[in-house]
Amino acid sequence: MNLEFEEKDIEIIAQRVVELLRPLLNNERHKEEDCIFDVKGLSEYLQVNPSWIYKQVSLKAIPYFKSGKYVRFKKSAIDKWIDRNTIRPIPIEKGKSKR
């Protein structure tokens, strides 16, 4: 099979490849993932009371690490924890009614 491309077709393909790779190469995305929260920052991120954060730490129910005496949270670990604890909806089959 012999394919020939015109220069404009190659340019369109190259632009699409760059478009698809840009998020993977974007350093801003990686900086956001590596963000470190303190208790106040995490409580704002999760929109919960700081006392809830302390309770989860005491129960070892939330990923954290200690920096000296300070409790800290890595954003990427918290996001994975959120994903693991997210309850997914059960798809309803077509033709069946809800009761």
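With 18 Å as the cut-off, how large is the P(r) tail for the stretch 8-84, expressed as percent of Cα-Cα pairs?
Result: 52 percent of Cα pairs exceed 18 Å.
Residue farthest toward the positive end of the dipole of the stretch 1-91, with Cβ of Lys/Arg at +1 and Asp/Glu at -1: which of PHE65, ILE13, PRO23?
Result: PHE65, furthest along the dipole toward the positive end.
Which one, PHE65, PHE37, PHE73, has the greatest fluctuation when you compute a Gaussian network model over the chain with C-alpha springs under 10 angstrom?
PHE65
Suppose the chain between LYS55 and LEU24 were pulled fully straight at 0.36 nm per residue; how much longer would it get relative to their current alpha carbon spacing?
7.6 nm
Add +1 for every Lys or Arg and -1 for every Asp or Glu among the other residues with Cβ under 11 Å from the Cβ of TRP81, and state the total. Could the numbers behind the result be given before it?
Values: positive: LYS74, LYS75, LYS80, ARG84; negative: ASP79, ASP83.
Once all neighbours under 11 Å are counted, the net charge is +2.
Using a Gaussian network model on the chain with a 10 Å cutoff between Cα atoms, which of LYS69, LYS55, LYS80 fluctuates the most?
Judging by the Gaussian network model, the answer is LYS69.
Quick note: the coordinates plus some simple rules give every number you see, no bench work behind them. Treat the numbers as computed from the prediction; the structure is a model and nothing was measured. Neighbour counts are summed over all protein chains in view; Cβ atoms, including those assigned to glycine, are modelled from backbone coordinates with ideal geometry.
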